[in-house]
Amino acid sequence: MIVAKNTVVTLLYRLFDGQGNLIEESQEPVSYLHGGYHGIFPLVEEALEGKQPGDRCSVTMEPENAFGEYDAGLVRVEDRALFPPEVRVGMQFEGRGEQSGDVRIFTVTDVAEDKVVVDGNHPLAGMRLRFDCQVTEVRAATPEEIAHGHAHGPHGHPH
């Protein structure tokens with residue numbers, strides 16, 4: 001079977017930064033529902049179209065095609081009293097973008113005596129990335145997967 005709309009694609013991947021440094025590597029296969037369901041980067045989905053198990057692809061993505069440009073407006077300095085006493089760098093909190101009102105995850109980047117700096121950018125925002133993968137399996141999606149808009153099962157979304 002080949003990768004096409006409404007197939008579940010299982011793959012192994014490696015993600016590199018613009019300098020070729022490995023950022024992330026799948027330890028287990030991952031699956032997504034192919035065909036515009038937002039389960040994988042659109043450029044990667046496009047490159048995988050028509051592939052079959054055993055095929056590989058490598059896609060280089062500019063920030064706008066990956067995690068977006070870095071937005072300095074998403075860095076905030078907040079009053080420490082708004083946070084729990086054990087707040088520390090690396091902790092994450094849900095909040096709303098000041099201009100967009102969108103719910104997003106903010107990561108604590110600095111903690112001072114009376115202030116906390118949080119960043120709402122994705123950690124890979126502003127970076128050129130290379131996504132290398134190998135297709136390990138392709139199967140027809142179930143009607144339930146299509147209705148839910150994601151893959152189910154051991155390598156997809158659990159239900």
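The values are calculated or read from the model by the stated rules, or taken from the named source; none is laboratory data. Just so it is clear, the structure is predicted and the values come from calculations on it, not from any experiment. As a convention, Cβ positions derive from the backbone with ideal geometry for all residues, glycine included, and neighbour counts pool all protein chains shown.
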Selection over the stretch 38-51 where residues are assigned to a loop (DSSP other than H, G, I, E, B), surrounded by 14 or more Cβ atoms within 10 Å (Cβ to Cβ) and under 16 Å from the mean Cα position of the chain (by Cα) yields a count of 3
Pair list, Cβ under 9 Å, 6 or more apart: the stretch 116-128 residue more than 20 Å from Gly18 (Cβ to Cβ), other residue acidic (Asp, Glu) and not in a loop (DSSP other than H, G, I, E, B):
Val116/Glu78; Val116/Asp79; Val116/Asp110; Val117/Glu78; Val117/Asp110; Val118/Glu78; Val118/Asp110
Could you tell me which of the residues Leu11, Leu74, Leu82 is in contact with a strand residue (DSSP E or B) (Cβ under 6 Å, 6 or more places away or on another chain) and either assigned by TED's automatic domain parsing to the domain that holds Val111 or in contact (Cβ under 8 Å) with a residue 24 or more places away in the chain (or both)?
Leu11
If I filter the stretch 117-131 for residues that are of a type outside the set (A, V, I, L, M, F, W, C), out of contact with any Phe, Trp or Tyr (no Cβ under 9 Å at 6 or more places or on another chain), more than 30 Å from Ile2 (Cβ to Cβ) and assigned to a loop (DSSP other than H, G, I, E, B), do I get at least one hit?
no
Scan Gly101, Gly54, Gly35 and give me the residue that is in a loop (DSSP other than H, G, I, E, B), small (Gly, Ala, Ser) and buried (at least 17 other Cβ atoms within 10 Å of the Cβ).
Gly35
In the stretch 106-119, is there at least one residue being surrounded by 15 or more Cβ atoms within 10 Å (Cβ to Cβ), under 30 Å from Ala151 (Cβ atoms) and out of contact with any strand residue (DSSP E or B) (no Cβ under 7 Å at 6 or more places or on another chain)?
no
